[in-house]
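Peer 1: The structure follows.
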Amino acid sequence: MRKILVGVKRVVDYNVRVRVKPDGSGVITDGVKMSVNPFDEIALEEALRIKERGEAAEVIAVSVGPDDAQQQLRTALAMGADRAILVKTAELVEPLTAARVLLKVVEKEQPELVIVGKQAIDDDAAQTAPMLAALWDRPQATFCSKIEIQGGSARVTREVDAGLETIEVDLPAVFSADLRLNEPRYVKLPDIMKAKKKPLDVIELGSLGLSAEPGLKPVLTEPPKPRSKGVMVKDVAELVDALKKKGLVS
Amino acid sequence: MSKILVIAEHDGKKLNQATARCVTCARQIPGGAVTVAVFAADPAAVAAQAAQLAGVQEVVTVAAAHNANALAAVLAPQVVALAADYSHVLAASTAFGKDLLPRVAALLGVPQISDAMSVEGAHKFKRPTYAGNAIVTLEAPADRKLVATVRSASFEAAAGGGSAPVRAVTLAAAVPSHTRFVSISAATSDRPDLASAPKVVSGGRALASKENFDLIFKLAEKMGAAVGASRAAVDAGYAPNELQVGQTGKIIAPELYVAIGISGAIQHLTGIKDAKTIVAINKDAEAPIFEVADLGLVGDLFQIIPELEKALAK
């Protein structure tokens, strides 16, 4: 029976107003609420639904990151993942590193599907799924809003700029979850208790024969340039006048 | 000397404007010579458009039946084969570029810079992270190929008037059959394209229904504007997914952006920050959209939209 591997990244919670460190070396993460990347939650939810339909036997959640990412993996276990693997590193993980690590796990676990979020809301890079698919030499289906398993292949609807695209990929394959793939379930308290007993393996990234040293050097992190303060108008007439002055309406 | 390969995005007939913006970014790379690559079943028409972009030195075409529809798994090994002679590989940071280039980068064994927003050097670029709340300057190793997607909203489209030579090439790259195109359901409309329109009218959750969202379409039509939507409006089914503007939708830079009934979540604001003029119409005076708006109007959109239509008709 099929295994599904799901990528789970620990990120700054989406409700946090991110602030840049004064010395330009990054963003402030001390004392900031951390969560599962919301797109990875959608990826996990999809894996769980595929399993609940009887189309897979096991869902494995994998994270690449600091020791604290165990918290996010426990959340994934509470949502319903069967077991979890943390590949531990203190370095900031670039997507290419994440893809190389996931490939090692894929080679060991031999899943039929790998599902990850389409992007992580910290680096917004949107690279891990295609990179893993490339290194694995398997199909990729990015920005999925529908995944239908049909024996040895999957029919996927993708959210593209023009609308919705349908493609067919042979399994095994890598999928990246878009917003409208599903709505992730809420975790219930008894599930959190149960999750504590589920297996969570921690392995050092170095033990896989890989290095997490980034290929891109972050030179400076700075806040965006603010927009200049606008004005409030009192009614439609004033608004239209202002737009006419700017030559934006005739 | 940088030799830059820009991968053209197109629908088989028309070159996407995002590619013209990507060419502008490529031209800003110091000492760069820009080549545009067109992969298609029949690349002639698209190649002719690419050849007209100012600053393009050459257009190369790769004609093959398997290039009829853009599939990353099929295109990536071809791009890698073609990239042998180039120092940089760029594509627009659209659904097309985001799907293709990381696959290319991984095959080349190099990291990718996503959403380059400014050129700071031949191997140094700025890019937004955390939904645009932190801008990072990244330096890539100078002795490796540089792969980057380009944030369209940060660059003007290259002008026309060029006449670059077009050269057809044949590539030996083996392409996989494990990924197959089935269909695309593009909304057929004569409305302006959201990604490139100079004017955009967007609606949010406050429209409250799919029927009410028609008010946005009608106003946009009157203004000759494209239609956008907030994530909330798309999630609620008021508007189709391709109209979503924001961190996970389209990032746009129109001359005029009119946000109606959109509160302005940070994820939405990141998609519109480069608009020249932002107009916000919302009944909540405390809505965060007013923090970025150049012109703000507090009031009931169901009253304001008809008034606006009337005022514009005069």
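No lab work stands behind these numbers, since they all come straight from the coordinates. Here the structure is a predicted model, which is why all the values come from computation and not from measurement. We place every Cβ from the backbone using ideal geometry, glycine too, and count neighbours over all the protein chains shown.
Peer 1: Take the alpha carbon gyration tensor of segment B:199-313, find the square roots of its eigenvalues, order them as a ≥ b ≥ c, and report rounded if a/c is under 1.5; if not, report prolate when a/b exceeds b/c, else oblate.
Peer 2: Numbers: a/c = 1.25, a/b = 1.12, b/c = 1.11.
Verdict is rounded for segment B:199-313.
Peer 1: Oh, and also: Calculate for the protein assembly as shown the 222 nm mean residue ellipticity that helices alone would give, adding -39,500 (n - 2.57) per DSSP H run of length 4 or more and normalising by residue count, nearest 500 deg cm²/dmol. Walk me through the intermediate numbers first.
Peer 2: On the way: 15 runs with 152 residues, N = 564.
After summing the helix terms and dividing by the residues of the protein assembly as shown, the value is -8000 deg cm²/dmol.
Peer 1: As I understand it, the dipole of segment B:1-128 uses +1 on the Cβ of Lys and Arg and -1 on the Cβ of Asp and Glu, about the Cα centre. Which of B:Asn67, B:Phe96, B:His123 lies farthest toward its positive end?
Peer 2: B:His123
Peer 1: In addition: Using the Cα gyration tensor of chain B, with a ≥ b ≥ c the square roots of its eigenvalues, what is the shape: rounded (a/c below 1.5), prolate (a/b larger than b/c) or oblate (neither)? Before the final figure, lay out the partial values.
Peer 2: Details: a/c = 2.12, a/b = 1.79, b/c = 1.18.
Prolate is the answer for chain B, as a/c is 1.5 or above and a/b outweighs b/c.
Peer 1: Could you size up the charge dipole of segment B:64-213 around its Cα centre, putting +1 on the beta carbon of Lys and Arg and -1 on that of Asp and Glu, and report it in debye to the nearest 20?
Peer 2: Numbers: 14 positive and 10 negative charges, 43 e Å.
The dipole of segment B:64-213 has a size of about 200 debye.
Peer 1: Would you please put A:221-233, A:147-159 in order of how densely packed they are, using the mean number of other Cβ atoms within 10 angstrom per residue and starting with the highest?
Peer 2: Numbers: A:221-233: 13.2, A:147-159: 17.8.
Descending mean neighbour count gives A:147-159, A:221-233.
Peer 1: Going by a ≥ b ≥ c, the root eigenvalues of the Cα gyration tensor, does segment A:3-223 fall in the rounded group (a/c under 1.5), the prolate group (a/b larger than b/c) or the oblate group? Before the final figure, lay out each step's value.
Peer 2: Working: a/c = 1.44, a/b = 1.29, b/c = 1.12.
Judged from the Cα gyration tensor, segment A:3-223 comes out rounded (a/c under 1.5).
Peer 1: For chain A, set up a GNM with springs between Cα atoms under 10 Å and report which of A:Val169, A:Val59, A:Val160 has the largest fluctuation.
Peer 2: Of the options given, A:Val160 has the highest mean-square fluctuation.
Peer 1: For chain A, set up a Gaussian network in which alpha carbons nearer than 10 Å are linked by springs, and say which option among A:Asp201, A:Asp68, A:Asp235 fluctuates the most.
Peer 2: Between A:Asp201, A:Asp68, A:Asp235, it is A:Asp235 that shows the largest mean-square fluctuation.
Peer 1: Which pairs break 22 Å Cα to Cα here: B:Lys210/B:Lys283; B:Lys14/B:Lys273; A:Lys118/A:Lys146; A:Lys21/A:Lys217; B:Lys14/B:Lys250; B:Lys283/B:Lys310?
Peer 2: On the way: B:Lys210/B:Lys283 19 Å; B:Lys14/B:Lys273 28 Å; A:Lys118/A:Lys146 13 Å; A:Lys21/A:Lys217 17 Å; B:Lys14/B:Lys250 20 Å; B:Lys283/B:Lys310 20 Å.
Those over the limit are B:Lys14/B:Lys273.
Peer 1: Shifting gears a bit: Averaged over peptide B:291-304, how many Cβ atoms belonging to another chain are found within 10 Å of each residue's Cβ? Walk me through the numbers before you get to the answer.
Peer 2: On the way: counts 4, 5, 5, 7, 10, 5, 8, 3, 3, 0, 0, 0, 1, 3.
Across the residues of B:291-304, the mean count of other-chain Cβ atoms within 10 Å is 4.
Peer 1: Go through A:Val116, B:Ile272, A:Val233 and say which Cα lies farthest out towards the positive end of the charge dipole of the protein assembly as shown; charges sit on Cβ, +1 for Lys and Arg, -1 for Asp and Glu.
Peer 2: A:Val233
Peer 1: If you average the C-alpha positions of segment A:57-94 and of segment B:287-314 separately, how far apart do those two centres end up, in angstrom?
Peer 2: 46 Å
Peer 1: I would also like to ask the following. State, as an integer percentage, the relative contact order of chain B based on alpha-carbon contacts under 8 Å between residues 6 or more apart.
Peer 2: Numbers: 703 pairs, mean separation 46.1, N = 314.
Reported relative contact order: 15 percent.
Peer 1: So, one more: Among B:Gly249, B:Gly203, B:Gly299, whose mean-square fluctuation peaks in a Gaussian network model of chain B (Cα, cutoff 10 Å)?
Peer 2: Highest fluctuation of the listed residues: B:Gly299.
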